1. Which value at 222 nm does the chain reach when only helices count, each DSSP H run of 4 or more adding -39,500 (n - 2.57), with the total divided by all residues and rounded to the nearest 500 deg cm²/dmol?
2. Can you tell me the Rg and Dmax of region 196-244, counting just the alpha carbons, in angstroms?
3. Rounded to whole Hz and in sequence order, give me ³J(HN,Hα) for region 121-132 from the Karplus expression 6.51 cos²θ - 1.76 cosθ + 1.60, θ = phi - 60°, writing x for Gly and Pro.
4. Find how much the distance from Glu120 to Asn215 grows on full extension, using 0.36 nm per residue of separation minus their present alpha carbon separation; answer in nm with one decimal.
5. Any chance you could give the angle, 0 to 90 degrees and rounded to 10, that helix 292-308 forms with the longest Cα principal axis of the chain?
6. Any cysteines in the chain with zero other Cys Cβ atoms under 4.7 Å from their Cβ? List them, or say none.
7. When you count, for each residue, the other Cβ atoms within 10 Å and take the mean per peptide, how do 284-293, 163-172 rank with the highest first?
8. So who's got an amide H within less than 5 Å of the one on Asp63, skipping anything under 5 residues away but keeping other chains? H placed 1.01 Å off N, in plane.
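Only the coordinates and a few stated rules stand behind these numbers; no lab work does. All of these numbers come straight from a predicted model, not from anything done at the bench. Note that each Cβ is placed from the backbone with ideal geometry, even for glycine, and that neighbours are counted across all protein chains shown.
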Amino acid sequence: MKQNIILFLIALFVAFQLKAESPYPVRGLCIAAPGPDLVDEFVDFIDNELAPAGTNLLILRVDWAYEYKSRPELAGNNPLSENDVKKLVKVCNENNIRLIPQINLFGHQSWHSTLGKLLEVYPEFDETPDIELPAPGTYEWPNEDGLYCKSYCPRHPDVHDVVFDVVDEIVEAFETDAFHAGLDEVFYLGHEQCPRCYGRDKAELFAGEVTKIRNHLAKTNTELWMWGDRLIDGKTTGIGLWEGSYNNTHRAIDMIPKDVVICDWHYERPDPTAVLFAAKGLQVLTCPWRNGELAVQQEKMMRTFIDGATEEMKPRYRGMLQTVWGPAKSFMETYKGTGDPENPDRSAECFQELVKVWNE
């Protein structure tokens, strides 16, 4: 009887270990950092929901929502304190979750009618100073100026002194070995309004900025993560303006360091571009958003890539990263089943479907 019990426990342990193993190393979530009033609730969510689901990476989009001491003028409204961040660091460490902060660099320095904090405080960094933001409530796409989001000028002599101060500070506060720089949807670069950038090769401008950020982070052995859309030829592939580049930045894929980690997002189709990045020697994650069926297809595709990969390619397929573009509160409520059933957070539903398959 005792022997049977021992054999049963051994079998149970083996079964648990097999279930716990994943075909890929990263099972992540990228979401806006919670506001100070939500930090404790978010800590509980990490402890009781994300960790048991098998999540082992959390990217928090902080941007200017932190009380920066190095550049206090760049702290936005209702920012996180250092104490708030340490609560998040602690719970992630306790649950073996890698925690990475994000600040959007280069592009995404405005949104519709609102300037981001960097260009609000330092308007001299604006790549397109003569393009005015529309009045509140009047933004439309497409528009005559081609305005989606403003960019900072990557060749301004002072921009990196400012930007790298906050990058270094947030990396230290998060006690992390990686930083996500955004770098997606950069439509304004090499613009005619910029005396420093106009006429220069846009792929070289983009690659130069990626490399500059990477080289700065490398001084402290910090890994650079970024979105991959500007490195895909949107015209040739048919992927389009948003998930690929129409302004010739895609050639930068052959110019950036190979240790940059690419977050390859596709929200309408399961486009297999992870192979492109892996074949170029880059590590890559596949990123869904709000379509659970599509996320399941993307997850299965990631498994297929790994199964069929050479030994050289296999380690470059890092796994899956769920993206969330709404507030943390609605995501948590839908995920826990406490939100409005008539208006659910679709990214939370998508994540639930993804969790099911990545734990199979």
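1. Values: 11 runs with 125 residues, N = 360.
The per-residue figure over the chain is -10500 deg cm²/dmol.
2. 13.4, 39
3. Residue by residue, region 121-132 yields 7, 10, x, 5, 7, 5, 5, 10, x, 8, 8, 8 Hz.
4. On the way: separation 95, 0.36 × 95 = 34.20 nm, distance 2.68 nm.
Difference between extended and current length: 31.5 nm.
5. The angle comes out at about 80 degrees.
6. Those would be Cys30, Cys92, Cys149, Cys153, Cys263, Cys287, Cys350, since no other cysteine Cβ in the chain comes under 4.7 Å of theirs.
7. Values: 284-293: 21.5, 163-172: 19.0.
Ranking, from highest mean packing down: 284-293, 163-172.
8. Gln102, Ile103, Asn104
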